[in-house]
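Undergrad: This is the structure I have questions about; it appears just below.
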Amino acid sequence: MANGAGLGALMGMGLGIMLLAIVVGLVVGTLILMFSTRLVEKFTPSFGKALVTQIAWLVVMFIVSLILGLVLGGSGFSRLIVMVVNFFVGAWIIQQLITPPGGAVADGGAMAMTAGAKMSYARACLVALVDYVICLVIGIICGVIFWVAFGSAMLAAFHH
């Protein structure tokens, strides 16, 4: 492996793992978006519509984060501003792309929506908030599991 083939194989594995992580993250994010829409709007968008919404949300979040990060710098306050802007832009994307599949959502009440009607921006913000909270809870759970599984083993290795 003196010719660099080992390094190329490691780089290929790293790229493969990153691609797998992106795909798994998109699928999990799409399922969370479908669930949060179900909780707030009482309908579940199709997987394809939720996936397109999730991809658009992530692309726009990346662009907004990049631009605002360059303009505002890397302080903690600027990261908070970026997170708030991403939240409201994400809610707008949800409002624009997720529509009910057809028929009235509620039984003729004030919350009734016809086929193809857009949800209100406030409801889209609520969908985005539920999405953020679910992702935060999953992130905390994964962080605790990672710490218990790997962190304690690493700390134990320092003692030897």
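Undergrad: Can you report the number of residues in the stretch 46-102 which are touching a residue at least 24 places away in the same chain (Cβ under 8 Å) and open to solvent by 60 Å² or more (accessible area, probe 1.4 Å)?
TA: Matching residues across the stretch 46-102 total 9.
Undergrad: If you take just the helices (runs of 4 or more DSSP H) that sit entirely in the stretch 62-160, which of them hold at least 3 residues that are among the hydrophobic types (A, V, I, L, M, F, W, C) and modelled with pLDDT under 85?
TA: 152-158
Undergrad: Any idea which residue in the stretch 33-45 is surrounded by the fewest Cβ atoms within 10 Å (Cβ to Cβ), counting only those that are among the hydroxyl-bearing types (Ser, Thr, Tyr) and closer than 19 Å to residue 136 by Cα?
TA: Among residues in the stretch 33-45 that are among the hydroxyl-bearing types (Ser, Thr, Tyr) and closer than 19 Å to residue 136 by Cα, the one surrounded by the fewest Cβ atoms within 10 Å (Cβ to Cβ) is 36.
The values are calculated or read from the model by the stated rules, or taken from the named source; none is laboratory data. Because the structure is predicted, anything quoted here is derived from the model rather than measured. Ideal geometry is used to build each Cβ from the backbone, glycine not excepted, and the neighbour counts take in all protein chains shown. Note: accessible area is taken over every heavy atom of the protein model, side chains too, but ligands, DNA and RNA are not part of it. Shrake-Rupley method; radii C 1.70, N 1.55, O 1.52, S 1.80 Å.
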